[in-house]
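Input: a single structure, listed below in structure tokens.
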């Protein structure tokens, strides 16, 4: 415990490239960027599948595959490829050893939760409602934006919550490749047998993850239209049972 | 990495016994947490039946445990338990809790109320009803949870290898060793084998579920 | 069917009251019951009927203690239900609910044998009993015993529900809208079959429904309850219909209670008239003479087997030759002695004829039933019902031609 306190209170650890704030920012930036890229890929596809109902089987299988692939494995498997592509894409090969595989792994692992949340959220919307809207003359795009997405919000946000946790966890592991972020404290702490650093890293990482989870859970509740909010009764959880919203992929 | 072929098949063939050893390790790190996690979750879920008030706090607690990135969880135990199996097994178990607990509770809740009433009215004691009626009917949701938990655990074992040096980690050890020695064959071997294991276990569990629920295979004749 | 070893038990409600407190009401508790006192003799079908919230289901559930009374006692064969072990109590009472509640994960055979299994019967005896009961409710055991509930239609599942309740041969059966979940045609059939069954079993049945027609049809004893858990009237179906005790009962029974009364009686109760008949193949001249002699405006043409074919107007009898089937107009409805007067009259109206042809179970002519005859008989019957409140006069004794 003293080691922890020693490390955490040392001012030197709060500044500079290896300082806590820097690493925190690195971690978050990486996470947000990865989720952003994953959104571009997964969200339109998920919305399409959800709105039209086509390709659900494919979507579900993709999600299953995504769950089965360990993040660590993905990262490390991309590494040689990332190195090999350096000349082609013209980036510094050293990045190919660290950030690029990590980032690509994060994107890949963020895709399934967003994809599944998008289409299952849309699928949960009462089809009769959509049909009557169509019958009233609303166009497909209006239905999607005006009805389906708002009603699917809780599940959508839930998917993003999962995705964020997933990428935060992956970025943590990325420290193995010297990718920076808060995970670095853990990895370096082990390598240098510095328990203080190790524990600090653990607490920081855990706090970040829980903080993001709580924040997004609040967001999820806020964005649920009042009428859909569960009362005192427990919500049956058909989507959650196969894809527990908070829990889908953050174990990484 | 240049000069050598990308995947060294000869090496793989020469080290098949290594593969088997790692498989055994990986499976052990799958079974122990799953069994422990299942027992704990089932106990908590049965508690939830008697005291619905516990569902909230338990979900919160297991959720909290789940949210912590695994690397941190493994790492934090390492100074305490060193390189013994506990460092890996404890977090692996806690990661299964949320999934299993939620799914078991959902499974029990999915039993239609008229079945409860009929069972009670006919003279089932609460305990027999749990065993003979509610549990079998909860199997589909429970098995969904078991599958998810199993696949997740298999993935997490690979991460344990990062902390485990050469003591534990199953196929994950191929990955770490391959990375440290810049030997892509090992990396890919570890990764691919992990995924294959996950799919196989998932497939086996699907078969187990089908075997446990003969009534679900039957197509409804009429409404 | 093996001889029932258990006759019905008596059920008595002794000032039974059920109140719900605020919290329970918010959670959606069923209706309250106010000071219910009722004596149900053994072997009676007692129907609790009333609008929603009248406490009929609550009363039912207090018998097998799914709900406990706030005050008062329920006595089964004189024994206070509250003093008995609740599990043992429930295993001795058959329970059928509207949604049936068949266990989806068990075969039909296992479902039916539920209570025997709980009671510890041997496997062979369970199977035997299950098969027996499936036959009794009209389902072939060989076909159904290994199927799963999901494979059965609604009507079939209802039958299994009844079979399951009968499995341990309980002296008392509780039925809560048991036929509510099926369509009217199936419901009618199930009701008839159940009544036939009860003739053999003579169990004490407590039956809950919101449908007054069902209550009239099924009940030996009808208890009309009003919202708030009060009893509005207790009596036989005939009494309730003939003499409703209050405005509420009169309204609940419906303005058409005159017609409803008709459904209590059967063609067999009413004296039949004879028809002037002619058989196919007879000479037209002979038939003409017969018709003239009886001053009949029409003649009923029968086939060689004494089965009615149709009416022939006296004016249309051909002058010569023999009568053939083509001469007859087959528009008059055929009914048997079991047909209720209500259905009989309905058929007459439908075909716009003045009399209905009554046949026996082989299809042979028994006589004619006419509207005036029915009206006369009903008038007499009402007077009888008002005098002795013991129910309708016994119907005509068993007809040797009819099946039991």
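Remarks
- Taken over the stretch A:189-204, the residue count meeting the criterion of being more than 7 Å from every other protein chain (Cβ to nearest Cβ) and over 28 Å from the mean Cα position of the chain (by Cα) is 4.
- Residue count, the stretch C:202-220 (criterion: surrounded by fewer than 20 Cβ atoms within 10 Å (Cβ to Cβ), more than 20 Å from residue C:251 (Cβ to Cβ) and over 10 Å from the mean Cα position of the chain (by Cα)): 1
- Residue within the stretch C:296-306 that is on the phi < 0 side of the Ramachandran plot, in contact with a strand residue (DSSP E or B) (Cβ under 9 Å, 6 or more places away or on another chain), in contact (Cβ under 8 Å) with a residue 24 or more places away in the chain and surrounded by fewer than 18 Cβ atoms within 10 Å (Cβ to Cβ) present: yes
- Filtered residues of the stretch C:153-196 (kept if more than 12 Å from chain B (Cβ to nearest Cβ), closer than 25 Å to residue C:12 by Cβ, out of contact with any strand residue (DSSP E or B) (no Cβ under 7 Å at 6 or more places or on another chain) and not in a helix (DSSP H, G or I)): C:169
- If you go through the stretch A:131-142 and keep only what is in a helix (DSSP H, G or I) and without any contact (Cβ under 8 Å) to a residue 24 or more places away in the chain, you end up with A:131, A:132, A:133, A:134, A:135, A:141, A:142.
- Flag if residue B:60 is away from chain C (no Cβ under 13 Å), modelled with pLDDT under 90, surrounded by fewer than 19 Cβ atoms within 10 Å (Cβ to Cβ) and touching a helix residue (DSSP H, G or I) at 6+ places or on another chain (Cβ under 9 Å): no
- Scope the stretch C:75-84; condition touching a strand residue (DSSP E or B) at 6+ places or on another chain (Cβ under 7 Å) and more than 14 Å from chain B (Cβ to nearest Cβ); matching residues: C:75, C:76, C:80, C:82
- Residue that is farthest from the chain's Cα centre (by Cα), among those in the stretch C:114-134 that are more than 22 Å from residue C:177 (Cα to Cα) and within 13 Å of chain B (Cβ to nearest Cβ): C:120
- Residue in the stretch A:133-140 that is at pLDDT below 85 and touching a helix residue (DSSP H, G or I) at 6+ places or on another chain (Cβ under 6 Å) present: yes
- Residues within the stretch C:80-92 that are out of contact with any helix residue (DSSP H, G or I) (no Cβ under 7 Å at 6 or more places or on another chain) and crowded, with 20+ Cβ neighbours inside 10 Å, tallied: 1
- Filter result for residue B:44 (within 29 Å of residue A:202 (Cβ to Cβ) and within 14 Å of another protein chain (Cβ to nearest Cβ)): no
- Of all residues in the stretch C:85-113, none satisfies the criterion of being modelled with pLDDT under 90 and away from chain B (no Cβ under 11 Å).
- Scanning the stretch B:143-165 for residues that are within 17 Å of residue B:86 (Cβ to Cβ) and free of Cβ contacts under 8 Å to residues at least 40 places away in the same chain yields a single hit, B:161.
- Residues that are assigned to a loop (DSSP other than H, G, I, E, B), touching a helix residue (DSSP H, G or I) at 6+ places or on another chain (Cβ under 8 Å) and either under 14 Å from residue C:162 (Cα atoms) or free of Cβ contacts under 8 Å to residues at least 40 places away in the same chain (or both), drawn from the stretch C:118-150: C:121, C:137, C:138, C:139, C:140, C:145, C:146
- For residue B:181, the criteria (1) crowded, with 22+ Cβ neighbours inside 10 Å; (2) more than 12 Å from the chain's Cα centre (by Cα); (3) more than 7 Å from every other protein chain (Cβ to nearest Cβ) hold in every case but one, which is (1).
- The set of residues in the stretch A:49-63 that are surrounded by fewer than 20 Cβ atoms within 10 Å (Cβ to Cβ) and within 14 Å of chain B (Cβ to nearest Cβ) comprises A:60, A:61, A:62.
- Helices (runs of 4 or more DSSP H) within the stretch A:67-125 that include 3 or more residues within 10 Å of chain B (Cβ to nearest Cβ): A:71-89
- Matching option when the condition is under 24 Å from the mean Cα position of the chain (by Cα), at pLDDT 90 or above and crowded, with 21+ Cβ neighbours inside 10 Å, among B:187, B:163, B:154, B:159: B:154
- Unique residue being more than 10 Å from chain A (Cβ to nearest Cβ) and either in contact (Cβ under 8 Å) with a residue 40 or more places away in the chain or in a helix (DSSP H, G or I) (or both) when the list is B:13, B:71: B:13
- Residue among B:141, B:156, B:100, B:131 that is more than 7 Å from every other protein chain (Cβ to nearest Cβ), in a helix (DSSP H, G or I) and touching a helix residue (DSSP H, G or I) at 6+ places or on another chain (Cβ under 9 Å): B:100
- Single match in B:123, B:172 (criterion: closer than 16 Å to residue B:18 by Cβ and at the interface with another protein chain (Cβ under 8 Å from one of its Cβ atoms)): B:172
- Residue match in the stretch A:30-38 (condition: free of Cβ contacts under 8 Å to residues at least 24 places away in the same chain, under 30 Å from residue A:126 (Cβ atoms) and exposed (fewer than 15 other Cβ atoms within 10 Å of the Cβ)): no
- Failed item in (1) free of Cβ contacts under 8 Å to residues at least 60 places away in the same chain; (2) facing chain B (nearest Cβ under 9 Å), with residue C:72 passing the rest: (2)
The values are calculated or read from the model by the stated rules, or taken from the named source; none is laboratory data. The model shown is predicted, which means the values in this text are computed figures rather than measured ones. All Cβ positions, even for glycine, are placed from backbone atoms using ideal geometry, and neighbour counts span all protein chains on display.
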